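Engineer: Provided herewith is a single structure, encoded as structure tokens, for subsequent inquiry.
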Amino acid sequence: MDRDLALPHYGLAYRLFGVIVAVWITVVLVLGILGPISNLPILEHTARNLYFHVPMWFVLYAGAIAGAWHAGRYLATGRAVHDVRSEAAWTVSTAAGLIALVTGVIWSRFTWYQGTGLWWSPEPRQNMVAVQLLISGAYFVLRGQLDRPRQRARLSAVYALFATATMPFLTYVLPRRMQSLHPGAEGNPAFSQMDIAPQMRWVFYAAAVGFLALGWWLYTQRVRARVAELRVEDAEADAPAPAAVVS
Amino acid sequence: MLQPADTTVALFDTTAAQAVTVQRAEGIERPMLAEDKLPVVLAVVLVVWFGVLFLLFRTDRRLARLERRLDADEPR
């Protein structure tokens, strides 16, 4: 049990890290909203969405990889902490993915699809991410249906591994081969200009790092909360609450 | 570029109607209304962000307190 739920001590360094993340992202927000941007037709100021929409993708991938890693560790060692970490990572990943999807829809609706009334475009990467999010969302449905902790942990770990395996194909390989709004695919050089424009590049890198760090912070908070829950449950199981006084 | 807005607020609030067209920017309005009014966007975003930060730090503190109690009752 001790090793089962062992967590590192999240002390002063962790709190300091939180402060650094807070300051870092505040600076990113200021630079992102007030800083100079490339002068792009159609996009104009919405080019700034680059700093917020794309980092969500990075958090999606990082969370899924962490989730799969801990899923693998759980299957290898059977320690409950890996199941906790896998689920927390998966939650952060799926949430970021949903945010990436919604922000992408909003961004394209008022730029490339302005005047068409189209909210949901035939944009390949967007549709592939929607499919991937359905697959990721099924992870939580699976967990909800299984009552026995060890069975739940084992099956969801296996599922997480498969769900992460589909991710590179759905969200990266397939869309690259189709006509797409996203950079790197056939059809949109304007975006690559924005990506490499020097005045935007460094803010973008800082935003990516900042949001990854924020994702990690949220992930560790979920892990700590869940482990605390489990420890309370274990303590109550060992020493059941006294019966109500009858007089 | 940015389209001119429909200033329908002018219909029911004469003060606002005058402000948009007549008065020159003074004091805090001068920086806020420059740069396509992006500083206003930043102000809104920062308010949201500081709210989120407040919740994050509060959760941290409560978790730490909970962990300290658990460690005291049942040392790992």
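Where a number appears in this text, it was derived from the coordinates with a stated rule and is not lab data. The model shown is predicted, which means the values in this text are computed figures rather than measured ones. All Cβ positions, glycine included, derive from the backbone under ideal geometry; neighbour counts span all protein chains shown.
Engineer: Taking neighbour Cβ counts within 10 Å as the exposure measure, how do A:L214, B:L42, A:L118 sort from fewest upward? Write out the running numbers ahead of the final one.
Structural biologist: Working: A:L214 22, B:L42 19, A:L118 14.
Ordered by Cβ neighbours within 10 Å, fewest first: A:L118, B:L42, A:L214.
Engineer: At 222 nm, what value in deg cm²/dmol follows for chain A if DSSP H runs of at least 4 each add -39500 (n - 2.57) and the sum is divided by all its residues, to the nearest 500?
Structural biologist: -24500 deg cm²/dmol
Engineer: Provide the FRET efficiency to the nearest 0.05 for the A:Q145-A:W202 pair, computing r from the beta carbons and using R0 = 41 Å.
Structural biologist: Efficiency at R0 = 41 Å is approximately 0.35.
Engineer: With a Förster radius of 25 Å, plug the Cβ-Cβ distance of B:M32 and B:V52 into 1/(1 + (r/R0)^6) and report the FRET value to the nearest 0.05.
Structural biologist: 0.65
Engineer: Over chain A, with a Gaussian network built from C-alpha contacts below 10 Å, which listed residue (A:W24, A:W112, A:W69) shows the highest mean-square fluctuation?
Structural biologist: Answer for the Gaussian network model of chain A: A:W112.
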